[in-house]
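Read the figures in this text as sums done on the coordinates, not as results from a lab. Given the structure is predicted, the values throughout are model-derived calculations rather than measurements. Counting neighbours? That spans all protein chains shown, and the Cβs are built from the backbone with ideal geometry, glycine included.
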Amino acid sequence: MKVIGQKTKRVDGLGLVKGKPVFADDVPKKDFLYLKILRSPFAHAKITSIDYSKALEVEGVDLVLTHEDFKPIYYTTAGQGAPEPSPHDTLVLDSTVRFVGDRVAVVAGETLEAAEKATRLIEVKYEELPAIFDIEKSIGNQTLIHPDKEGFSFVFDPKNNIAANIDEELGDVEKALSESEFVFKNTYSTPYAQHAHIEPHISLSWLDENDRIVIRTATQVPHHVRRIVAEVLDIPIAKIRVIKPRIGGGFGSKQEIIGEELVAAVTLRTGRPARLEYTREEEFTAARSRHPQKVTFSIGLDKNLFINAIDMEILQNSGAYGPHALTVMSVSASKTLALYKSLNVRIKANSVYTNLPPAGAYRGYGAPQGFFALESMMDEIANDLNVNPIEFREKNYFQEGDEVPIAKVLGEGREGFPVILYTSGVRECIVEGKQLIDWNTLRVSEKTGIHRRGVGIATVAQGSGIAGIDMGAAYIKMNEDGSFNLNIGATDLGTGSDTAMAQIAAEILEVPVEKIIVYSSDTDLTPFDTGAYASSTTFITGGAVIKASEDIRNQILDQGMKLLDVEEAVIKDNYVVAANDDKISYQDICTKSFYTDHQKQIQAVSSHMSYDSPPPYNATFADVTVDTETGFVTVNKIVSVTDAGRIINPQMSEGQVEGAIPQSLGMALSEFMIFDEKGRPVNRDFGTYNIYTAIDMPEIVTKFIHTDEPTGPFGAKAVAEIPTNGPAPAVVNAIYNACGVRIRNLPITPEKILRGLGKLK
Amino acid sequence: MIGFYLNGKPVFGEFNPGTTLFDYLRDQEIFSVKFGSEKGETGADSVLLDGKVMNSSLLLMHTIDGKVIETIESFSQGVDVHPLQEAFIEEGAVQCGYCTPSMILAAESLLRENPTPNDDYVRESLSGVYCRCTGFVKPIQAIMKYATSREDR
């Protein structure tokens, strides 16, 4: 292949290195109204009155919006396909506030300073309500966070604070566990974690010349933004245009509609352009995060150490609202239970409301939590039984050709589709990774003294798009110089998907990538796409680009044959070539098609969806040193080997892995949200919420092993999310190898290590 | 009244006491300086001040009197590309690109002081620029590659 799998520069790289105005906020000054949100100081309270007369007296303040200004339309902020399977439990503004940082009112001013000043002058009377901060105390609590209301939908059991629930079984788990030779049971927990994209949530809106609302926003889901804004503001979809420029990172956080509806509401009321940018503190306290989960696995083994039964229980913290509550748990289960074969599988999961910030979609989408538990557990079992942890895993993997039954049971909030495993490179990933981390030496090296070094492994899976749901479309048209416009609704949020799509088109049309002009995405100009989530763009939208490119190729051939007046020809190097060696160039074909002969626009639009979501696989290895005097853990090296099918763009795929690793290491070692006894977030800035910087990074080694996935474009599977799943459990397993301390609750702190060593009580 | 150089051109003006260089630059539609946080931790707002990388949102206008300010806009004219920018593209060091101008400025700041830095110096130079996409692997490669290629010349 000429383009697929070859080093290809990003199609949007030039503008980015030059600092061109390509992001949402980089527009010439308009007559903006600046929005500021007044947020709740209480974790749970009823608003009994709001007096904003003094706020309106502030010079330059034009508008204050409260819950009285919006129709009570319950929706979910989760940008998912319709009908969204997340609880519809949210109002744009509500008369009850449910976490510290919840919205109370919105001020629009001529300057941000005026709007900020006005928010401080709004007099709100609250009646404080009892609050729930402990997920163990949510179900059955007298305090109801979302008392059932008319208009609710997809809320599982509001009378018990349960946002979402899963209860599924294959086979007979109780019986299988009772018949097992060995049964192990442990509970693992993961905390809130922040996306920490550097560009905050930012939305701008204005009226176009026909009084339609234009929303320019940092989103992963422009088409869902259009639909959900139309729904909550009760205006026609036809009145809204959503433009997604370049995005400064999202990682799932920008799959939420948490600003677009407010700027649109202000523009609708005032006719003025409006702008809302989250402060960094708002990102930490009121945007979204990774769902904290407590995961309990009971695993039964037969005497030959084959897994007999897996029983998985999840207790998940939704926070105050339920975006992605059901589907994140569903992914925790469906991805972990697709790695090891067991005839008997059960999943019981509850996502409960608390008066803490709502969680949401975050890279991996439940799989990092699930795999932290499962891969810690597999390590514990191997240690307890004194067997090789890698051989124990290898014995139990699903194999190529196996059907993975859990996928049929756990779909996107409804029944899913059976998965046949066509490709699995997990064993090859292990072989490569063991070498690169020097497993055989480090695993058994001397574990004495103050500084103890160890290695750990985690093997993980993910999916490629959401089977039976995700759909992406691509539109291609040809230009006179033999270049092509490729317009896609898919949303490159920094991942490089625009480049991958250009490579796919270039490969099929047999032109250099420079001949493909990519535009994404704009609801007026680009066809539908569910958006950038669930590792879907290469797999789903890539399928659409293949179909559209093949259609264009056939049209070029057809026009070429007509122009050459021959019955047979082939495409070769930008030419249609007949058997008699007569040939006509792409340029001539398009130019003649435009102006003189057989006139038409060579163009095609195609869409693609898939009932398959082939799992990519990854083996992550960690090499750590534990200081047994201070409890401090240093990660020396991470090796991440991935089977993502055929790699479309090696350099960008490496980049995905290299960027995912510090996100997982952060969740394991340095990042966590602390709340005080009133539910107020304590760490609200980067000074106290510590993400990995350049000087914190361990040595990173990434590698891909090659498989050819029959259901993917050119054999590709997904790569975006899977590398986020392995580092945390690999580090925990390496710590155990180094010093015998088992951490079951993230984050790993020096205190927990010292306790484990018996040096702290 | 203060005066300073911005990307080679002299600027004179009076500014409100609270105005930061970041506010001023964005106001002038110099959009390469980005908002990352109010306290400057992310470094997305970087500029060069007398050749040293600084957070523009932490610089009040009255403090830059007589200084030389450079932003990424000064690195290339028209369709030109600075070789350091080219190295970032070549090495796949750009993902979302939001922090990229700041990384390039931070590297340039280092290289003016130390034209032949080792990996540790490069890492250190990027420590004030947060990036959530790349894990810094390819940005460091890009800077090392550029530094080495200059050495060769």
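Some values worked out for this structure:
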item	result
Most mobile of B:17, B:83, B:117 in a GNM of chain B (Cα contacts under 10 Å)	B:17
Label-zone membership for segment A:171-201, site residue A:395, 7 angstrom Cα→C-beta point, backbone N under 13 Å	A:181-183
Residue order, fewest to most surrounding Cβ atoms within 10 angstrom, among B:82, A:598	A:598, B:82
Semi-axis lengths (Å, descending) of the ellipsoid that matches the C-alpha gyration tensor of the protein assembly as shown	39, 37, 31
Where Cα atoms sit under 20 Å apart: lysine pairs in segment A:330-457 separated by 8 or more or lying on different chains	8
Rounded to the nearest 20 debye, dipole of segment B:83-152 from Cβ charges on Lys, Arg, Asp, Glu	240
Estimated inter-spin distance, residue A:127 and residue A:148, nm [label 7 Å along Cα→Cβ]	2.2
Net charge contributed by nearby residues that have their C-beta within less than 14 Å of residue A:140 (K/R +1, D/E -1)	-1
Computed E for residue A:185/residue A:759 - FRET, C-beta separation, R0 41 angstrom, nearest 0.05	0.90
Using alpha-carbon coordinates, inclination of helix B:100-113 to the longest axis of chain B, degrees	80
Using a Förster distance of 51 Å, the FRET efficiency for residue A:235-residue A:2 (Cβ separation, nearest 0.05)	0.60
Label-to-label distance, nm, for residues given as residue A:113 and residue B:63 (7 Å Cα→Cβ offset)	1.8
Calculated from backbone phi, Karplus (6.51, -1.76, 1.60) coupling profile of segment A:288-302 in Hz, x at Gly/Pro	10, 7, 7, 4, x, 9, 10, 10, 10, 10, 10, 10, x, 10, 7
Note, ³J(HN,Hα) from phi for segment A:605-610, Karplus 6.51, -1.76, 1.60, rounded to Hz, x at Gly and Pro	10, 9, 10, 9, 9, 8
Exposure proxy ranking, count of Cβ atoms within 10 Å, fewest first, for A:231, A:403, A:709	A:403, A:231, A:709
Ranked packing of A:58-67, A:676-685, A:370-379, most packed first, by mean Cβ within 10 Å	A:370-379, A:58-67, A:676-685
Shielding by partners - mean other protein chain Cβ count within 10 Å, residues of B:29-42	6
With Cα atoms, 0 to 90° folded angle of helix B:137-152 axis to chain B main axis	80
Extended-chain gain in nm, criterion 0.36 nm per residue less alpha-carbon gap, residue A:670 and residue A:603	19.0 nm
Segment residue A:175-residue A:580, length gained on full extension (0.36 nm per residue, minus Cα span)	138.5 nm
Spin-label model distance (nm) - residue A:554 vs residue A:573, 7 Å beyond Cα toward Cβ	2.8
Residue order, fewest to most surrounding Cβ atoms within 10 angstrom, among A:742, A:275, A:98	A:742, A:275, A:98
Residues with amide H under 5 Å from that of residue A:186, placed H, sequence gap 5 or more	A:297
Sum of side-chain charges, residue A:258 neighbourhood, beta-carbon under 13 Å (Lys, Arg +1; Asp, Glu -1)	-3
Cβ-Cβ FRET estimate between residue A:54 and residue B:124, R0 fixed at 41 Å, reported to 0.05	0.25
Derived scalar couplings ³J(HN,Hα) [segment A:746-761; Karplus, 6.51 cos²θ - 1.76 cosθ + 1.60; whole Hz; x for Gly, Pro]	7, x, 6, 10, x, 4, 5, 5, 5, 4, x, 7, x, 8, 10, 8
Residues with amide H under 5 Å from that of residue A:309, placed H, sequence gap 5 or more	A:300
Distant-in-sequence amide H partners of residue A:27 (H built 1.01 Å from N, under 5 Å)	none
Net dipole in debye of chain A [+1 Lys, Arg Cβ; -1 Asp, Glu Cβ; about Cα centre; nearest 20]	1340
Within 10 Å of each Cβ in A:648-657, the average number of Cβ atoms from other chains	3
Under 10 Å, Cβ to Cβ, from residue A:702 - net charge with Lys/Arg +1 and Asp/Glu -1	-1
